[in-house]
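Coordinate-derived values only; no laboratory data. Being a predicted model, the structure only gives us computed values, none of them experimental. All Cβ positions, even for glycine, are placed from backbone atoms using ideal geometry, and neighbour counts span all protein chains on display.
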Amino acid sequence: MEPNKQKQKKNHVFIVTSNAADAKVNQFQIRPWLLWLIVVTICVVIGAGLGYLLYQDQIKEATNKRIEEYKVVADNLKAQLNEQKAKAEEDAKLLESEIQKLEQEKEILSTTVQLKGGELDALTERIEKLYYPSLLPITGAATIEEITDAEPKCIFHASEGALVVTTASGTVTEIIQIPEVGYKVTIDHENGYMTSYINSEEPKVKQGEILLQGATIFVVDRSSLKLEYQIQMDGVLMNPMDIMEIDG
């Protein structure tokens, strides 16, 4: 058998010297793969340089074209952004205008509600006043006799032709005949107040009838000039003089 041959490493030797008489000779060893790498790199660099020199006009033209394209795209984006900004500003102005309009409508509605509330309060007060027995129970001239004993009441002495009227709106709850006295008409004003009217004439109203303030109950004749008038609050008799509004 032949002995194993050892693989020999091949190296390239570079000799560096000068033309001087006493110049030294420098030797450098370099691996083949490294030499090839250096050669390839030099070739690539030289090729790239030559390619750039040969095609620099085309490269510049392509670069400028790409730059122009990017510039056009940027200008388009800028125009779109400016358009969107202008639209947003216009929408903001419209929105602000709508907000101002809504604020004005709100103010108008608020004022209207306040006015309506005031009118409603005034109307409620007027309605409540209609059911408050503050009116005099008789029309025309009359004298008043105030009785403040166990059963407080007022006795009116009216003139012939006077009218006995309701002092407040309400419902006739009772009509009874009192011997040797006449008729007693009781009205419920639906707020705790009840009023009673006693006169010798026959009443012009019926039980269950709903009457407005000032409605006629009796027509005073020569023989019925006297009227007894009473007020109750939650079943307790009160002095009518404390409630009636008397002018003059």
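Things worth noting here:
- Filter result for residue 134 (in contact with a helix residue (DSSP H, G or I) (Cβ under 6 Å, 6 or more places away or on another chain), under 30 Å from residue 228 (Cβ atoms) and among the small types (Gly, Ala, Ser)): no
- Residue within segment 210-230 that is free of Cβ contacts under 8 Å to residues at least 60 places away in the same chain and aromatic (Phe, Trp, Tyr) present: yes
- Output for segment 44-80, where each listed residue is within 55 Å of the chain's Cα centre (by Cα) and among the small types (Gly, Ala, Ser): 74, 79
- Residue tally, condition touching a residue at least 24 places away in the same chain (Cβ under 8 Å) and closer than 27 Å to residue 222 by Cβ, over segment 184-200: 8
- Test result for residue 178, touching a strand residue (DSSP E or B) at 6+ places or on another chain (Cβ under 8 Å), free of Cβ contacts under 8 Å to residues at least 40 places away in the same chain, closer than 16 Å to residue 134 by Cβ and not hydroxyl-bearing (Ser, Thr, Tyr): no
- For segment 173-204, the set of residues classified as in contact with a Gly (Cβ under 9 Å, 6 or more places away or on another chain) and of a type in the set (Ser, Thr, Tyr) consists of 173, 193, 195, 200, listed by residue number.
- Residue selection: residue 242 satisfies the criterion of being under 21 Å from residue 125 (Cβ atoms) and surrounded by fewer than 16 Cβ atoms within 10 Å (Cβ to Cβ).
- Every condition in (1) surrounded by fewer than 10 Cβ atoms within 10 Å (Cβ to Cβ); (2) among the charged types (D, E, K, R); (3) without any contact (Cβ under 8 Å) to a residue 24 or more places away in the chain is met by residue 98 except one, and the failing one is (1).
- Of everything listed in (1) surrounded by 16 or more Cβ atoms within 10 Å (Cβ to Cβ); (2) at positive phi, the single unmet condition for residue 180 is (1).
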